[in-house]
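Notes follow the structure.
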Amino acid sequence: MRQSISRIQALSLKESAQVMRDPSSLIIAVILPLTLLFLFGYGVTFDPRFYKVGLIIEQPTPETGSFETALRSSRYFRVSKSRDLRTLEMKLVAGSIKGIVVLRSDFSRNAFAGNEAPIQVLVDGSDANSAELIQNYVRALSLSWLEQEYLKTGETFPERVRIEQRIWYNAEASSKNYLVPGSVAIIMTMIGTLLTSLVIVREWERGTMEALLTTPISASEFLIGKTIPYFVLGMISMGLSVGVAIFLFDVPFRGSIAMLTLTSSVFMWASLALGLFISTLASSQLVAAQVAILSAFLPAFYFSNFVFEIDSMPVPLQWVSYFVPAKYYVSSLQTLFLVGDVPRLIGQNTAILFVIAMLLFAATSVRTRMTLE
Amino acid sequence: MWQRIYALVMKELLASFLDKQTRMVVLVSPPFLLLIYSFALTQEVQNVSLVILNQDAGLASRELVSRFEGSSTFSTVKHVARHEEIIKAVEEGGTLAAVHIQSDFSSKLARGDVAELQLILDGRRSNAAQILGGYISEIVGAFNDEVIADTKFASPGPKGSVIARTYFNPNFNTIWSAVPGLFAGLVATVGFMVSSLSIARERELGTFEQLLVSPLTPFEILVGKTLPALLIATISGAAMLFLGVMVLNVPLEGSLTLLFLAMTVYLLAIIGIGLFISSLANTQQQAIIGLFMYMVPAILLSGYATPIENMPDWLQGLTQTNPITHFIVICRGIFLKEVPGLVIWHHLWPMILISLVSLSSAAWLFKKKIA
């Protein structure tokens, strides 16, 4: 037992020295996380700034004038007016505007009659997300404009059911508040799975694995000794990212540090286990890197509710998502940041991660060759 | 000279194609991913569950609830009896949205007052929740229009006063809007993978020095490394294109020749950046990490997942130096819009510039690093 511990220790020390000496470890553990957080904190966001739209008024009247004012004063739109639909359509094709609002010649007559649609919105469907949002905003704008017009004439606006909307945990609906926590999962996946899978394949590719095989080290000692330094590296990177998220990007953190550390450690083990498993399959670093990207990085991006909605995907793909560790971790992270310790949800997520980690470790131990074939 | 280049190209191609695993990850899996992820890349909100707390016994609220139940947006509608259950359902992530109808809902409507409907959305996924909020307000809007119009309080009120038409993608097919971006991203991934490791692997194994002492000039090495990567990535790209158009039925409105021309320029830019990173690195691990350091921000800044228009101006300026940004615009244009040549040229010349700069700096680094 004591010998076993000293063997693990020796391997960990050697591995740590290697990590410290290689500038690429610093890049993946510090610079890449900071870059990602920086991008999600400042630039990459779902919160629209404004859309450039074209406006056509077929027949100017006082009503179209007041609608134009409403459209121009909306913070969601930058309006360029034109007389000719063709010019605007050309701009739509070129992508310099994202939509066209057309007020028909019968606008003033029909706006209050309620029998026909006097406002046309033409949107660019090649960018579906923006297209949908532009439609929604114009619709909302036309309703509030109508309400204003009714107020002017002194009539009551014939709306009956009014929606009072509350967005819990994230009242200002800032996408930064969930993208920044989610990116922590991406960062840890890269350290745990990508970096780790490369490291073991490298031993085989360079022939140093043969040297290790001649030593008394066993498969499990090898796996533990190899992973400890990367585990520490991943946790340091996690701590750094969470710190930056809270103090630099003002993302609220409502959970407890203890819960964060616990669930992050389990996720880190699962990521490492996947990395180790890949390393037993791949024959070269190129293959290992590509497999790590395909099986860990991309799924962490697509199948974790981080950016894309799992519920909206076809059922077979939803099944795939159940095997993606990042899905459970992203859910825990977003909850820890924005809601707090929700014991049932986080406990369940962490338990599933634990099972995934154990299965992957078992598979890896079976497959790790401690002999030459 | 061409004979030497030919020899190097053949050696590179053999090295890539002889290994079965490399063939798999470079040629087979990217087109396969296009098929899978085109279904995943949706920001639509569907098949979600809705929690309803209806404390009103009247007819109007039951009518509204049945409209929610009938909507195809919600796969399940769960009824709860107390407000605490709403808190629990939202908190534990069981639902994205909850509707609370108060006990005076029907009586207020009967009196002709405005009745409030409380809508609670989960801010942990506020983008999706807000899209869902949009759908819910459409349902409520239709309820207002149709049901209230029958009552004695009806006045000739406004109806859905906006009609929307979607150009280039009339049915809002999310696969159509996903494939161009996905295609651009996956082609870049292949180009990066094959180029970024090619020099670093030789450095790590010590064979790059041998190349440098051979009669090959840096320019010949550059061509010898670029052409095979270009060929492999183009084959992979063509396979993706075939799947996209034939299997996923994405239209190809513009010219195929133009698309291939643009893809070649795009790949030269990508490969140039990959070779540049590769010649900076001493080991494959450094090359892969260096590649990630470039690729992940580049994809995030390309308008692939979130629109470029949402970014602050200084960041939008930066995205112009990103070949992925330009190629996504070209792809969306050619696949869906039949965009005029001038617009393509607008996005083509920045890529030509990027490829010239990156390829020549890579060649310059070949020699530099050894000294």
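The values are calculated or read from the model by the stated rules, or taken from the named source; none is laboratory data. Just so it is clear, the structure is predicted and the values come from calculations on it, not from any experiment. Cβ sites come from the backbone with ideal geometry, for glycine too, and all protein chains shown count toward neighbours.
Identify all residues within segment B:282-298 that are surrounded by fewer than 21 Cβ atoms within 10 Å (Cβ to Cβ), in contact (Cβ under 8 Å) with a residue 12 or more places away in the chain and of a type in the set (Val, Ile, Thr); write none if there are none.
The answer is B:283, and nothing else.
I'm checking my understanding of the structure. Among residues of segment B:41-53 that are free of Cβ contacts under 8 Å to residues at least 60 places away in the same chain and within 11 Å of chain A (Cβ to nearest Cβ), which one is farthest from the chain's Cα centre (by Cα)?
Per the criteria, the residue is B:49.
Run down A:163, A:191, A:167, A:186 and say which single residue is at the interface with chain B (Cβ under 9 Å from one of its Cβ atoms), within 18 Å of residue A:292 (Cβ to Cβ) and touching a helix residue (DSSP H, G or I) at 6+ places or on another chain (Cβ under 6 Å). Before you say what the answer is, go through the steps one by one.
Details: A:163 fails: within 18 Å of residue A:292 (Cβ to Cβ); A:191 fails: at the interface with chain B (Cβ under 9 Å from one of its Cβ atoms); A:167 fails: within 18 Å of residue A:292 (Cβ to Cβ).
Exactly one of A:163, A:191, A:167, A:186 is at the interface with chain B (Cβ under 9 Å from one of its Cβ atoms), within 18 Å of residue A:292 (Cβ to Cβ) and touching a helix residue (DSSP H, G or I) at 6+ places or on another chain (Cβ under 6 Å), namely A:186.
In segment B:111-124, how many are under 19 Å from residue B:45 (Cα atoms) and either modelled with pLDDT under 85 or more than 7 Å from chain A (Cβ to nearest Cβ) (or both)?
0
Can you list residue pairs whose Cβ atoms sit under 8 Å apart, with the first residue in segment A:257-279 being free of Cβ contacts under 8 Å to residues at least 60 places away in the same chain and the second being among the charged types (D, E, K, R)? Count only pairs 6 or more apart in sequence or on different chains.
Every condition considered, no pair remains.
Looking only at residues in segment B:168-202 that are of a type in the set (S, T, N, Q) and either surrounded by fewer than 24 Cβ atoms within 10 Å (Cβ to Cβ) or within 10 Å of chain A (Cβ to nearest Cβ) (or both), which one is farthest from residue B:339 (Cα to Cα)?
Checking each candidate, the answer is B:198.
Which one of B:16, B:38, B:66 is out of contact with any strand residue (DSSP E or B) (no Cβ under 9 Å at 6 or more places or on another chain), without any contact (Cβ under 8 Å) to a residue 40 or more places away in the chain and polar (S, T, N, Q)?
Working: B:16 fails: without any contact (Cβ under 8 Å) to a residue 40 or more places away in the chain; B:38 fails: without any contact (Cβ under 8 Å) to a residue 40 or more places away in the chain.
Matching residue, one of B:16, B:38, B:66: B:66.
Please return the ranges of helices (runs of 4 or more DSSP H) entirely within segment B:188-297 where 2 or more residues are farther than 30 Å from residue A:204 by Cβ.
Values: elements: B:207-213, B:218-242, B:256-280.
By residue number, B:218-242, B:256-280.
How many residues does segment A:140-181 contain that are part of a loop (DSSP other than H, G, I, E, B), surrounded by fewer than 16 Cβ atoms within 10 Å (Cβ to Cβ) and modelled with pLDDT of 80 or more? Step through it out loud before you land on a result.
Initial filter on segment A:140-181 (part of a loop (DSSP other than H, G, I, E, B)): A:154-160, A:169-175.
After this cut, where a residue has to be surrounded by fewer than 16 Cβ atoms within 10 Å (Cβ to Cβ) as well, the list is A:154-156, A:171-172.
Next, from what is left, pick out any that are modelled with pLDDT of 80 or more: A:171-172.
Count: 2.
Mind listing just one residue for me: the one in segment A:26-61 that is more than 7 Å from every other protein chain (Cβ to nearest Cβ) and assigned to a strand (DSSP E or B) and, of those, farthest from residue A:84 (Cα to Cα)?
Among those that are more than 7 Å from every other protein chain (Cβ to nearest Cβ) and assigned to a strand (DSSP E or B), it is A:52.
Count, please, the residues in segment A:162-194 that happen to be among the basic types (Lys, Arg), under 15 Å from residue B:96 (Cα atoms) and touching a residue at least 60 places away in the same chain (Cβ under 8 Å). Please lay out each step first, then the result.
Of segment A:162-194, the ones among the basic types (Lys, Arg) are A:162, A:166, A:176.
Those still in the list that are under 15 Å from residue B:96 (Cα atoms) too: A:166.
Then drop every residue that is not touching a residue at least 60 places away in the same chain (Cβ under 8 Å), which leaves none.
Qualifying residue count, segment A:162-194: 0.
Only residues that are crowded, with 19+ Cβ neighbours inside 10 Å, more than 7 Å from chain A (Cβ to nearest Cβ) and within 27 Å of the chain's Cα centre (by Cα): list them for segment B:90-110, please.
B:95, B:96, B:97 - these are the residues of segment B:90-110 that are crowded, with 19+ Cβ neighbours inside 10 Å, more than 7 Å from chain A (Cβ to nearest Cβ) and within 27 Å of the chain's Cα centre (by Cα).
Working carefully through the options B:70, B:94, find the one that is closer than 23 Å to residue B:138 by Cβ and assigned by TED's automatic domain parsing to the domain that holds residue B:140. Lay out the reasoning, then the answer.
Details: B:94 fails: closer than 23 Å to residue B:138 by Cβ.
The conditions single out B:70.
Yes or no: segment A:361-369 includes at least one residue that is in contact (Cβ under 8 Å) with a residue 60 or more places away in the chain, part of a loop (DSSP other than H, G, I, E, B), more than 11 Å from every other protein chain (Cβ to nearest Cβ) and exposed (fewer than 14 other Cβ atoms within 10 Å of the Cβ).
Keep residues of segment A:361-369 that are in contact (Cβ under 8 Å) with a residue 60 or more places away in the chain, which gives A:361, A:363-365, A:367-369.
Next cut, part of a loop (DSSP other than H, G, I, E, B) only: A:368-369.
Retained after the next criterion (residues that are more than 11 Å from every other protein chain (Cβ to nearest Cβ)): A:368-369.
Retained after the next criterion (residues that are exposed (fewer than 14 other Cβ atoms within 10 Å of the Cβ)): A:369.
Within segment A:361-369 (the criterion being in contact (Cβ under 8 Å) with a residue 60 or more places away in the chain, part of a loop (DSSP other than H, G, I, E, B), more than 11 Å from every other protein chain (Cβ to nearest Cβ) and exposed (fewer than 14 other Cβ atoms within 10 Å of the Cβ)), the answer is yes, since at least one residue qualifies.
Whether any residue in segment A:118-137 is farther than 23 Å from residue B:166 by Cβ and either at pLDDT 80 or above or buried (at least 19 other Cβ atoms within 10 Å of the Cβ) (or both) is what I want to check.
Looking for residues that are farther than 23 Å from residue B:166 by Cβ and either at pLDDT 80 or above or buried (at least 19 other Cβ atoms within 10 Å of the Cβ) (or both), one finds none in segment A:118-137, hence no.
Scan segment A:310-343 for residues that are part of a loop (DSSP other than H, G, I, E, B), at the interface with chain B (Cβ under 10 Å from one of its Cβ atoms) and more than 17 Å from residue B:92 (Cα to Cα) and jot them down.
The initial filter retains those residues of segment A:310-343 that are part of a loop (DSSP other than H, G, I, E, B), namely A:313-314, A:322-324, A:339-342.
Those still in the list that are at the interface with chain B (Cβ under 10 Å from one of its Cβ atoms) too: A:313-314, A:339-340, A:342.
Result: A:313, A:314.
Looking at segment A:24-71, which of its residues are under 23 Å from residue B:318 (Cβ atoms) and of a type in the set (Phe, Trp, Tyr)? Full working, then the answer.
Our first condition is that a residue be under 23 Å from residue B:318 (Cβ atoms); within segment A:24-71, this holds for A:27-28, A:30-52.
Hits for segment A:24-71 are A:38, A:40, A:42, A:46, A:50, A:51.
Suppose we keep only residues that are farther than 21 Å from residue A:48 by Cβ and of a type in the set (Gly, Ala, Ser) within segment B:296-339. Which one would you say is nearest to the other protein chains (Cβ to nearest Cβ)?
Ranking the candidates gives B:333 first.
Go over the candidates B:321, B:306, B:325 one by one and state the one that is part of a loop (DSSP other than H, G, I, E, B) and either within 18 Å of the chain's Cα centre (by Cα) or of a type in the set (Asp, Glu) (or both).
Details: B:321 fails: either within 18 Å of the chain's Cα centre (by Cα) or of a type in the set (Asp, Glu) (or both); B:325 fails: part of a loop (DSSP other than H, G, I, E, B).
Checking each option against the conditions leaves just B:306.
Quick check, is residue A:237 assigned by TED's automatic domain parsing to the domain that holds residue A:25, among the polar types (S, T, N, Q) and in contact with a Ser or Thr (Cβ under 8 Å, 6 or more places away or on another chain)?
Numbers: assigned by TED's automatic domain parsing to the domain that holds residue A:25: yes; among the polar types (S, T, N, Q): yes; in contact with a Ser or Thr (Cβ under 8 Å, 6 or more places away or on another chain): no.
So residue A:237 fails the test.
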